[in-house]
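Here is the structure we will look at.
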Amino acid sequence: MKEKLVEYLTELVKIPSVIGNEKEIADFVHSFSKRFYPEENIIRYNNSLIVYDRIEPDRKTIALIGHLDTVPGENEYTGQLIDGKLYGLGASDMKAGLAVMMGLMEAFHKKDKRFNLIYVFYEKEEGPYIDNGLEPLLSQFDIIQKADLAFALEPTNNTVQVGCLGTLHASIIFEGKRAHSARPWQGENAIHKAADFLKRLADFGIHEYEFHGMKYLEVMNATMVEFSGGRNIIPDRFVINVNYRFAPGKSIDEAKEDVLKLVNGEAKVEFTDLCPSGSVCLYNPVLTKLIHQFDLPVEAKQAWTDVARLSLYGIDAVNFGPGDPAQAHQKNEYVPIENLFRNYDIFHSFIEK
């Protein structure tokens with residue numbers, strides 16, 4: 001199977017699938033799935049797929065979940081295996097996880113196993129929360145909700161990462177009065193009005209937050225700005241995009257209140273993207289069995305993933321994949337090939353009856 005895993009991943013990274021351009025890779029996975037499952041066990045929705053076993057009620061069900069898209073990026077070594085690293089855009093985030101899913105599909109489509117399996121391949125994970133391709137699969141089909149545990153094969157270096165940070169974006173809008181920069185007293189500088197807020201934001205630092213025994217780090221940062229006017233104009237509008245990453249156990253409303261407190265009424269606030277945090281399901285019996293059987297390290301997920309979306313639907317989910325998180329969204333992204341083999345071996349041994 002090692003050679004096939006390399007083959008699958010090589011083919012996947014050679015298919016461009018920057019967010020919004022997932023049709024070709026969805027067609028590829030769809031064609032692959034039809035080799036092992038009948039059409040009645042395959043759901044195709046736009047450029048997303050659910051492939052599933054007949055659910056046997058006497059055994060637990062596992063969902064394996066991976067997104068098909070990548071961020072834009074460059075890779076000079078696409079499809080090459082160099083010094084034990086396979087290169088390509090999305091190699092770590094998260095086409096290595098997709099290759100593992102394909103390998104498991106081939107290995108277990110007719111083989112007796114301990115769990116029912118559901119495979120989910122979906123589009124548009126790398127964009128806004130509202131456009132995410134997993135949402136319609138969850139809202140329009142109930143098969144994924146049958147899972148006793150879902151694994152998002154996001155890059156974790158084969159560490160089990162539980163929960164995930166929530167994230168929100170807010171536009172902090174400072175308004176002033178336009179004037180010529182040679183006569184600033186005739187106007188009101190919207191950029192200067194943001195000075196006190198920016199100082200408080202810079203001083204926000206890192207807030208440690210413990211939840212169910214796991215330590216999460218809350219951070220809030222300015223990530224983009226926009227303004228009106230030109231270089232010789234006192235601007236009458238200055239907008240700061242603030243990104244807040246908040247820990248499990250904190251609601252979206254509580255996170256919004258944290259931002260409003262920091263703004264302190266000095267500017268208008270428009271919340272533009274609101275993504276909940278993911279639940280911490282450390283006591284899920286399927287998960288505890290996996291962790292103990294393979295003596296896997298466990299840590300908090302210091303980022304947002306669709307574990308949060310699955311949590312909203314009452315599905316216990318964790319992040320566990322072969323990719324290297326430090327390689328995600330990097331130029332010349334790669335995955336250590338041994339990570340790929342290790343992840344497959346763990347899943348295969350765990351699922352095998």
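Values quoted throughout were computed directly from the atomic coordinates according to the rules given, and no laboratory measurement underlies them. Note that this is a predicted model, so its numbers are computed, not measured. A quick note on method: Cβ atoms are made from the backbone with ideal geometry, for glycine too, and the neighbour counts reach across all protein chains shown.
Here is how the numbers come out for the structure above:
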{"quantity": "Computed [θ] at 222 nm, deg cm²/dmol, the chain (DSSP H ≥ 4; -39,500 (n - 2.57); rounded to nearest 500)", "calculated": "-8000 deg cm²/dmol"}
{"quantity": "Loop-exposed GluC sites (Glu not before Pro) per DSSP, neighbour cap 12 Cβ within 10 angstrom, longest uninterrupted part of the chain", "calculated": "77-353"}
{"quantity": "Gain upon complete extension [Phe227, Glu210; 0.36 nm per residue less C-alpha separation]", "calculated": "2.3 nm"}
{"quantity": "Residues Glu56 and Arg200, FRET efficiency given R0 of 51 Å [Cβ-Cβ distance, rounded to 0.05]", "calculated": "0.35"}
{"quantity": "Residue order, fewest to most surrounding Cβ atoms within 10 angstrom, among Asp83, Asp316", "calculated": "Asp83, Asp316"}
{"quantity": "Cα-derived Rg over Rh, computed across the chain with Rh taken as Kirkwood radius", "calculated": "1.05"}
{"quantity": "Unsatisfied cross-links (Cα-Cα over 21 Å) in the set Lys2/Lys85; Lys60/Lys215; Lys85/Lys301", "calculated": "Lys60/Lys215; Lys85/Lys301"}
{"quantity": "Rounded to 5, the percent of DSSP beta bridges in the chain classed as antiparallel", "calculated": "75 percent"}
{"quantity": "Proxy reagent accessibility, fewest Cβ within 10 Å first, across Asp93, Asp196", "calculated": "Asp196, Asp93"}
{"quantity": "Span-rule helices in the chain, defined as complete DSSP H runs reaching 24 Å or more along the axis (Cα) with Kyte mean at least -0.5", "calculated": "none"}
{"quantity": "Cα-only radius of gyration and Dmax that characterise the range 166-275, units Å", "calculated": "16.2, 58"}
{"quantity": "Order of Phe238, Phe151 under a 10 Å beta carbon neighbour criterion, fewest first", "calculated": "Phe238, Phe151"}
